[in-house]
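Participant: Below is the structure I would like to discuss, written out as structure tokens.
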């Protein structure tokens, strides 16, 4: 009986606590799912948020309310945007934050990163992205997908990360932003014909935009950073074109030399299959020779692109591959000041090995 009394008392306390809790439904709050910031001038930004309008069962299309204000700081933005809303703003469901390119090119993102890293309401898995033009216009745009703009952009980033673009979110970016020996990167989004496109990768040094990796180099960058399962690449071959799908890749960075004279070797291994051949006169008796030749052509193709991309990083003094971090972690007497001075001249050799596991078509 004593145990039963304790259990009943505990249940009673829970009921009392529940009765004292101020429970609010989503209809009682303004749930912010996406925010965006644009450059106004040296002193001001334009901030925009989108809020789904729930409870409109009679409407087949999900409506969104957008609020936009001009402010001199993020704290002022929060205060002003709250005054425009008829309900308390809730940031717990924030999914995407956009920064327009002009803002990141002229100002660092120090204030934004400080808020995003400290605010307990914001999850570390939200997506950050650079809007090629206006973040406000991208948020306010009407798109054919019957989802919120936040879900649309989130799905766009996630879908492309499975293929030719590298994975990135707030957690990854903060790691690079506050770390030493590496620079962060974010997706670049553009609007075209009523759609949003993943058009490139922005490389930022301590929050300031330095260079943009074009879409054509995205897979090359992804292979240099992480495993690839569904990447696609095409090359001109003889009088036609050959396309492959990368089904598996692995990259290893080997550091050699001394602390004062480091050298890198990058070894890339890929499995792929041929999924496209255009305008090629194929002799089925020569298929093995053809496959071997295509392997070599793609190896040369990727080595050339990787060397060119690494050279561009050195020229821009950016390090999104984290070579400096590797040097610091693997060198007993790492001198990061010296590393930063000599980074542009550090030798980096790339070796690519590709094995074609199938042609994907019958002859």
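The values are calculated or read from the model by the stated rules, or taken from the named source; none is laboratory data. None of the values given here were measured: they were computed from a predicted structure. Using ideal geometry, Cβ is built from the backbone for each residue, glycine included, and neighbour counts are taken over all protein chains shown.
Participant: Taking the condition under 25 Å from residue 180 (Cα atoms), surrounded by fewer than 17 Cβ atoms within 10 Å (Cβ to Cβ) and in contact with a strand residue (DSSP E or B) (Cβ under 7 Å, 6 or more places away or on another chain), does residue 241 pass?
Facilitator: Criteria not met by residue 241.
Participant: If you don't mind, another one. Does the range 180-194 contain any residue that is out of contact with any helix residue (DSSP H, G or I) (no Cβ under 8 Å at 6 or more places or on another chain), modelled with pLDDT under 95 and under 25 Å from residue 73 (Cβ atoms)?
Facilitator: No; the residues of the range 180-194 include none that is out of contact with any helix residue (DSSP H, G or I) (no Cβ under 8 Å at 6 or more places or on another chain), modelled with pLDDT under 95 and under 25 Å from residue 73 (Cβ atoms).
Participant: For the subset of the range 36-72 comprising residues that are modelled with pLDDT of 85 or more and in a loop (DSSP other than H, G, I, E, B), which member is nearest to residue 120 (Cα to Cα)?
Facilitator: 72
Here's the yes/no breakdown for (1) assigned to a strand (DSSP E or B); (2) under 17 Å from residue 128 (Cα atoms); (3) in contact (Cβ under 8 Å) with a residue 24 or more places away in the chain; (4) outside the structural domain of residue 252 (by TED's automatic domain parsing):
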position: 159; (1), (2), (3), (4): no, yes, no, yes
position: 172; (1), (2), (3), (4): no, yes, no, yes
position: 176; (1), (2), (3), (4): no, yes, yes, yes
position: 182; (1), (2), (3), (4): no, no, yes, yes
position: 185; (1), (2), (3), (4): yes, yes, yes, yes
position: 201; (1), (2), (3), (4): yes, yes, yes, yes
position: 204; (1), (2), (3), (4): yes, yes, yes, yes
position: 209; (1), (2), (3), (4): yes, yes, yes, yes
position: 221; (1), (2), (3), (4): no, no, yes, yes
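Participant: When only residues in the range 134-155 that are part of a loop (DSSP other than H, G, I, E, B) and in contact with a strand residue (DSSP E or B) (Cβ under 7 Å, 6 or more places away or on another chain) count, which is modelled with the highest pLDDT?
Facilitator: 134
Participant: Let me ask you something else. Suppose the filter is out of contact with any strand residue (DSSP E or B) (no Cβ under 7 Å at 6 or more places or on another chain), under 22 Å from residue 159 (Cβ atoms) and free of Cβ contacts under 8 Å to residues at least 12 places away in the same chain; does residue 216 pass it?
Facilitator: The answer is yes for residue 216.
Participant: While we're looking at this one, here's another question. Determine whether the range 128-136 contains at least one residue that is assigned by TED's automatic domain parsing to the domain that holds residue 147 and without any contact (Cβ under 8 Å) to a residue 40 or more places away in the chain.
Facilitator: So far as the range 128-136 goes, no, none of its residues is assigned by TED's automatic domain parsing to the domain that holds residue 147 and without any contact (Cβ under 8 Å) to a residue 40 or more places away in the chain.
Participant: Residues of the range 310-344 being within 24 Å of residue 214 (Cα to Cα) and either free of Cβ contacts under 8 Å to residues at least 24 places away in the same chain or surrounded by fewer than 18 Cβ atoms within 10 Å (Cβ to Cβ) (or both), which ones?
Facilitator: Passing the criteria: 311, 312, 314, 315, 316, 317, 344.
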